[in-house]
Amino acid sequence: MSYDFQRRGAFLSAALVFEGSLVLVAYALGYFAQIDPLSRLVWDWPGLAWGIAATGPMYGLFLLMQRYPLGSLHSIREFLIEILGPILANCRWYDLIFIALLAGVTEEILFRGVLQPWWGLGWSNVAFGLVHCVTLTYAVLAGGVGLYLGWVFDKSDNLLSPVIAHALYDYLAFRVVLSDWRKRQRALHHETVVSP
């Protein structure tokens, strides 16, 4: 059975199943390692502030890589625009918030809530990079982002901080990819209309 992920429902369902399975994995591994995945989650203003502030460097780096896609970053940019762009275009604005929150919550519960205390900062983010292995470069970049989120987790001592940073970053990155895709579509439409 194949799914057309450009259809809104199929994409949202796949995201829910994949990301939701990460929570199941987190609780299974947490049970085995005797780690409560949410033991360091505190709903407070400092944790929220840490998360919002931590988004800035990641988002700034993303904007630089989108604007100046050197070397293998070019293929990542093209993948995001050509593959992810039309999928995001079929989503509603609140779908993007939902998907960003879903990824931020579920991935951080697994990677920061369980794997980082169990495997340490390094190995937990090797796993984080492998889960995001679209290309080797993308996996390395994701591993670097994971290290940064792990540092945020350690410094804030609150799982809320990397959850907020991850979700907010994803949402902002989705908006940029969607904007780039729409610009490209307008340019292609203009070329088609102008061509004899």
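The values are calculated or read from the model by the stated rules, or taken from the named source; none is laboratory data. Please read these numbers as outputs of a predicted model, since none were measured by experiment. Methodologically, a virtual Cβ is constructed for each residue, glycine included, from the backbone with ideal geometry; neighbour enumeration extends over all protein chains shown.
Please work out which residue is surrounded by the fewest Cβ atoms within 10 Å (Cβ to Cβ), limiting yourself to segment 45-68 and to residues that are of a type in the set (Ser, Thr, Tyr) and in a helix (DSSP H, G or I).
Step one: filter segment 45-68 for residues of a type in the set (Ser, Thr, Tyr), giving 55, 59, 68.
Of the ones still in play, those that are also in a helix (DSSP H, G or I) are 55, 59.
Details: Thr55: 20, Tyr59: 17.
So the residue we want is Tyr59.
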Quiz item: Does Leu188 satisfy the criteria of being at pLDDT below 95, part of a helix (DSSP H, G or I) and under 23 Å from Leu73 (Cβ atoms)?
Solution: yes
Quiz prompt | Yes/no for Leu41 being over 24 Å from Ala14 (Cα atoms), in contact (Cβ under 8 Å) with a residue 24 or more places away in the chain and surrounded by 17 or more Cβ atoms within 10 Å (Cβ to Cβ) | solution = yes
Exercise. Could you please give the count of residues in segment 149-171 that are within 24 Å of Ser75 (Cβ to Cβ) and surrounded by fewer than 18 Cβ atoms within 10 Å (Cβ to Cβ)?
Key: 0
Quiz prompt | Filtered residues of segment 23-32 (kept if out of contact with any Gly (no Cβ under 8 Å at 6 or more places or on another chain) and either more than 17 Å from Pro117 (Cα to Cα) or surrounded by 14 or more Cβ atoms within 10 Å (Cβ to Cβ) (or both)) | solution = Val23, Leu24, Val25, Tyr27, Leu29
Practice problem: Name the single residue, out of those in segment 14-44 being among the aromatic types (Phe, Trp, Tyr) and assigned to a helix (DSSP H, G or I), that is nearest to the chain's Cα centre (by Cα). | Solution: Phe18
